[in-house]
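The values are calculated or read from the model by the stated rules, or taken from the named source; none is laboratory data. Only a predicted model underlies this, so the values are computations on that prediction, with no experimental measurement involved. Quick reminder, even Gly has a Cβ in these numbers, built from the backbone with ideal geometry, and neighbours come from all protein chains shown. We work out accessible area using only protein heavy atoms, side chains counted, and drop any ligands, DNA or RNA first. Shrake-Rupley method; radii C 1.70, N 1.55, O 1.52, S 1.80 Å.
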Amino acid sequence: MARSLGSRPRRERGGEKRWWIVIAVCVLVVGLLVWLNAFVIEHVEVDEITGCPSNGRMPEAHTIILVDETDALNPDTIEYAKNVIYNEYRWLPIGGRMTVRNVISNPDLAEDIVFCRIEDGSNANGIIDNPRMIQQRFDEIAGERLQQLYEALSVAPEQEQSPIAEFVSIAMDRTNFGRNVADRRLILLSDMAQHSDIASQYGAAPLLDPDAPALDHLEREMAGVHLRIHYLRRPELARLQTDAHRAFWTGYFANMGADDIALGRGLLLGEPDNRETWSYDRE
C-alpha cells in the first residue's frame, strides 16, 4: 500500500524528538549554571593593590619572608633574594598570602609588602602553566614595591641592632599566621647575626646557647611552621658564622616546636629535589 505523502517515517519523527530533548537539557544546564553563578558561587572581591581577597577571611596559606636590611647586600645576593621571593610566590596556592618584611634595628619602623596569589589566567587557552602570565600578574601586584625594597637593600646603612629573634616573635604573633592558617611558611633571608638589647652574638662571647634564659620571653609555639633559613654569609662575620652558630639557630627553633627546619642556601632549600623552580627576569 502506498504511503501518504503527508506522513513521516516513525524513525524520522523519533530522531526529531531526541534532538528537542537534547536542546531542552542544554538550556536547562545553562540556566542552572547562570543561577549557580548568581546565587550560589561566591564572588570574592580583591584589593586592587595587593590582589588579596576583601572578604575578611583568614588565608588558607601564608608565607612570611623576613629580609635582613641591617647591612647592605651585594648584587648577587639581591638577585638570589628576588628568586627566593618569586619561587615562594609561585608555590603559594590560589588565594595564598605573602608578606615580605624588612629586618631593621627598630621593628616598629619596618614595612610590610603584602600581596596574594589569585587567579592569574595561567590556565587560559588550555595552557596549564603560563609563566609569562603568572609573572605579569606578580609584577602588577608586587613588582614596584619589591623593587623599592631591592634598591634599599643595595645601599642599606649598617644598623645599630639586628633583632632577628624579635622579628620572628612578631611574625608568629600575627593573627593571620596562627594555627588557624593551614599552611604556614616562615622564610628568613639573613646572616642570622643576632644583636639586640635582649641577646647578642657580637663581641668576644657571642650567645650560642639556644636555652639561654635571655631568650625565654621571645619563644613562641612554632609547631606546624615550615621554616627556611637562607643563610647569607658575610666575610666580616666569618668568626661568628660557624657550625656552632648554625646549630644555635636550628636548636633555638626546634626548642619552640618547629619540626621542618632547613638552614643553608638554594632555591630548593628543604624542598624535594623534583619541586619546580623558576627564574625571575623582570623586563
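Ligands, DNA and RNA are left out, and with a 1.4 angstrom probe the accessible area of region 66-222 is 45 Å² per residue.
What does the C-alpha gyration tensor say about the overall shape of region 202-283? Classify as rounded when a/c is under 1.5, otherwise prolate if a/b is larger than b/c, or oblate.
Numbers: a/c = 2.55, a/b = 1.39, b/c = 1.84.
Oblate.
Among the protein heavy atoms of region 147-283, carbon and sulfur supply 48% of the accessible surface, probe 1.4 Å, non-protein parts ignored.
Label positions at residue 155 and residue 46, each projected 7 Å from the Cα along the C-beta direction, are separated by 3.3 nm.
Placing unit charges on each Cβ (+1 for Lys and Arg, -1 for Asp and Glu) gives region 78-208 a dipole about its Cα centre, and among 199, 162, 131 the Cα reaching farthest toward its positive end belongs to 131. Simple rule: put +1 on each Lys or Arg Cβ and -1 on each Asp or Glu Cβ in region 221-283, find the dipole, and look at 242, 278, 254; the Cα lying farthest toward the positive end is 242. Taking the Cα-to-Cβ direction at residue 273 and at residue 239 and moving 7 Å from each Cα, how far apart do the two end points lie in nm? Spacing of the two 7 Å Cα→Cβ label points: 4.0 nm.
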